[in-house]
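None of the figures in this text is laboratory data; all of them are computed from the coordinates on show. Computed from a predicted structure; not experimentally measured. For neighbour counting, all protein chains shown are included, and Cβ atoms are generated from backbone atoms with ideal geometry for every residue, glycine included.
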Amino acid sequence: MLRSDHILATVEMIQKENLDVRAVTMGINLLDCRGGDVRETCRRVEEKIGTVAAHFVATCDQVSKKYGIPVVNKRISVTPIAFVGAGFDRHGFVELALALDRAAAAVGVDILGGFSAQVEKGMTATDREYIASIPEALARTEKICASINIASSQKGINMDALALIGQTVKALAETTRDQNGFGAAKFVVFCNQPGDNPFMAGAIHGLEEADLVLNVGVSGPGVIARALERLIHTKGRENLGLDDIAEEIKQTTFRVTRCGELIGRKVSEEMGIEFGVVDLSLAPTPTVGDSVGEILQILGVDVVGAPGSTAILAMLNDAVKKGGIFASKAVGGLSGAFIPVMEDAVLAEAVGSGALCLEKLEAMTCVCSVGLDMIPVPGSVDADTISAIIADEMALGMINNKTTAVRLIPVPGKEAGELVSFGGLFGASPIMPVRNVGKSHRFIAWGGRIPAPLHSFKN
Amino acid sequence: MGKQMVMSVMSKDRPGIVADITGVIYQLQGDLADLNQSVLFDYFTMILIATFDDAVTPEDVVAGFSHIQSETKLEVVVKEMDTPMEVAKAKRLKETYVLTAQGKNKSGLVHRIGLFCYQHGINILDLATTLSGDQYTMILQLDLSQVKSVDTIRTSLTGYAEESGLTVVLQHEDIFKATSEISLF
């Protein structure tokens, strides 16, 4: 029998704390769609997505209504497209992107991810053509997100690819100049990219996955923030220690994860496709009250970026994992707190006030997922400096055996402190200053690889 | 297979009352199936189901209970069940929802929610209410298996909530199981 206090606690979470399921992402294998030429391949890709995902959005909506819990984003991830389009030139890849965009629109999903490649050790001729296609492909499509894995703990960092990526990010921003470089917000560079992440822009359907799979991203940081506020209000600050706070985070995450898993499993049951993983990541949105930065403030730093921010984030990230892993049959994806600057109003504000700098953000990414995310930088920052910022972040992931990623937007024609807004879930922020611009050219010019690191002698 | 009886007992609460009531059933060689008891302020109530030999009559059971000492007279109702327990249990429903309604206390709240359920073809399986200060909380477990569209119910509930000044939330039981119990799937 359900106890009334449990019922009321859950009702509170649903009603006052806006519990939702952040993303249900359907992974689709497209390797069997390769045709004799670009046109045939595009046709097969559209046909396959149109068939297997025909009822995806409707099913999510139906389950969401039955349980009274909103499913905020319905998305698709596909096999990294460089494998699907092996042998295509850049124009072929642009055609593939357009086909994916049409398919995504036809089935009504918000975003489709997987316009991607994996080049952590070396690049094929196809990979180079794919990279060359990215600016045009993202500028000409609405719903497509791209990502590339250029480093891993097993293989090291591909510095040739890294040099190209700095130029690609610049070109992407330039191609979408009239939208403040928005194209760059749809492209993310990874170290140790997971193949089952439901969150964008980095979702792919990994080569290790089954034909079709459903992954779920749980509710955002707002629920945790409200639970902590309530705990502090009821018990009083003076009666609480950080271990009590960590316990509350764990318990709230448990509940949040159970709801995510329930909804995900029901959708997968209805659709008759395999349930993959629950991703425990706390993904903020620009909405007030749905911010990871706010949790840091509740836990004791007056501004995000102040000393202590990294320690709090470490505790938050760990408590979220402890609660979530016990709650779910299978956890995967990124599963950590995100700190995407533009998508988190409190982080954006800290950038504006000068409290939060790039270097502190880099330190914070050592203890959480996923990396330097959604950071607008001045359009004057050169490609090699961008590559070097990415290199530092890749090194963190490589050495620490974790996923790290970079999504920088060099906003054309704008300088540090100016406001840039993409609207909706992509948010807004003042442009982050970058120090020591133009001083890493000789490093990036080396190319080659940073060899894979040792996996013992860990001090 | 014996005779199945449903018994309801109400009295002022005191230590030992459960032992006394179940003692009567034991002496009559009854086999106790399900029981549910509750105490509200100082008053105790219990509903029980048990199987007796064919020779035992409801009157025998009432007579047994009449010997129990209580500050107030023990109110007892005993009836022979017309549906076998197994059949009644098999009706266990899949579409069970939990409705919570909270707000300022005033008269007629439970009646109005009861009426709402009746008018929409909803059976109330369980209902508990608490009054804390001037805040009244009702928690209802509902069977929506006869309801065509949960959406329609939700829409009507929004109207009901506005009209009654209550905060009303309707959620599938699975959500509460997921968040409050360890094993579900």
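I'd like to know which of A:412, A:273, B:164 lies farthest towards the positive end of the charge dipole of the protein assembly as shown, counting +1 on Cβ of Lys and Arg and -1 on Cβ of Asp and Glu.
Going by the charge dipole, the pick is A:412.
Net charge near residue A:17, counting Lys/Arg +1 and Asp/Glu -1 over other residues with Cβ under 15 Å of its Cβ?
Values: positive: A:16, A:22, A:226, A:230, A:255, A:258; negative: A:12, A:20, A:229, A:248, A:290, A:294.
So the environment of residue A:17 carries a net charge of 0.
Given contacts defined as C-alpha pairs under 8 Å and at least six residues apart, what's the relative contact order of chain A, whole-number percent? Walk me through the numbers on the way to the answer.
Details: 1062 pairs, mean separation 79.2, N = 459.
Computed over chain A, the figure is 17 percent.
Could I have the simple spin-label model distance between residue B:127 and residue A:91, label points 7 Å from Cα toward Cβ, reported in nm to one decimal?
7.4 nm
Among the lysines, which fall within straight-line cross-link reach of residue B:3, defined as a Cα-Cα distance under 28 Å, with same-chain neighbours fewer than 8 residues apart omitted?
Partners found: B:73, B:79, B:89, B:91.
Ignore the peptide's own chain and count Cβ atoms of other chains within 10 Å of each Cβ in B:165-172; give me the average, rounded.
Averaged over the peptide's residues, the number is 4.
Given R₀ = 45 Å, what would the calculated FRET efficiency be for residue A:61 paired with residue A:443, taking r from the Cβ atoms and rounding to 0.05? All intermediate terms of the calculation are to be shown ahead of the outcome.
Numbers: r = 50 Å, r/R0 = 1.11.
My answer for the efficiency is 0.35.
Given Cβ point charges of +1 (Lys, Arg) and -1 (Asp, Glu) and nothing else, what value in debye, to the nearest 20, does the dipole of region B:3-89 about its Cα centre take?
It works out to roughly 220 debye.
Evaluate E = 1/(1 + (r/R0)^6) for residue B:59 and residue B:118, where r is the Cβ-Cβ distance and R0 equals 25 Å; express this FRET efficiency to the nearest 0.05.
Values: r = 34 Å, r/R0 = 1.38.
So the FRET efficiency works out to roughly 0.15.
About the Cα centre of region A:344-459, what is the dipole size in debye to 20, counting +1 per Lys and Arg Cβ and -1 per Asp and Glu Cβ, all else neutral?
On the way: 9 positive and 11 negative charges, 83 e Å.
Here the size comes out at about 400 debye.
Please report the spacing between the Cα centers of region B:106-145 and region A:1-80 in Å, no decimals.
34 Å
Express in whole angstrom the spacing between the alpha-carbon centres of region A:240-295 and region A:411-459.
29 Å
Using R₀ = 41 Å, calculate the FRET efficiency as 1/(1 + (r/R₀)^6) where r is the Cβ-Cβ separation of residue B:86 and residue A:105; round to 0.05. Before the final figure, lay out the partial values.
Working: r = 54 Å, r/R0 = 1.32.
That gives a FRET efficiency of 0.15.
What nm distance separates the two modelled labels at residue B:79 and residue B:156, each placed 7 Å from Cα along Cα→Cβ?
So the two model labels end up 2.6 nm from each other.
Remind me, relative contact order of region B:1-113 in percent, using alpha carbon pairs under 8 angstrom and six or more residues apart? Walk me through the intermediate numbers first.
Numbers: 145 pairs, mean separation 39.1, N = 113.
That works out to 35 percent.
Give me the mean projected area, in nm² to one decimal, of the convex hull enclosing the Cα positions of the protein assembly as shown.
On the way: hull surface 140.8 nm².
Result: 35.2 nm².
At a threshold of 8 angstrom on Cα-Cα distance, excluding pairs fewer than six apart, so keeping six or more, what relative contact order does region A:265-417 reach in percent?
24 percent
Considering only B:175, A:63, A:9, whose Cα is most displaced toward the positive end of the charge dipole of the protein assembly as shown, charges sitting on Cβ of Lys, Arg (+1) and Asp, Glu (-1)?
With unit charges placed on the Cβ atoms, the residue in question is A:63.
What order do you get for A:418, B:162 when you list them from fewest to most C-beta neighbours inside 10 Å?
Working: A:418 14, B:162 10.
Lowest to highest Cβ neighbour count: B:162, A:418.
How many percent of DSSP beta bridges within region A:1-446 run antiparallel, rounded to 5?
Working: 14 of 48 bridges.
Percent antiparallel among DSSP bridges in region A:1-446 is about 30.
Within the set A:143/A:360; B:12/B:104; A:321/A:439; A:121/A:170; A:121/A:360; A:65/A:235, which residue pairs have Cα atoms separated by over 27 Å? Mind dumping the intermediate values first?
On the way: A:143/A:360 32 Å; B:12/B:104 30 Å; A:321/A:439 38 Å; A:121/A:170 23 Å; A:121/A:360 29 Å; A:65/A:235 35 Å.
Over 27 Å Cα-Cα: A:143/A:360; B:12/B:104; A:321/A:439; A:121/A:360; A:65/A:235.
Top mean-square fluctuation among B:140, B:99, B:35, Gaussian network model of chain B, C-alpha springs under 10 Å?
B:35
How big is the charge dipole of the protein assembly as shown about its Cα centre, in debye rounded to the nearest 20, if each Lys and Arg gets +1 on its Cβ and each Asp and Glu gets -1 on its Cβ?
Dipole about the Cα centre, nearest 20: 1000 debye.
Once you have all Cα-Cα distances for region A:338-392, histogram them in 10 Å bins from zero and send the whole-percent values.
In order of increasing distance, the bins hold 22, 56, 22, 0 percent.
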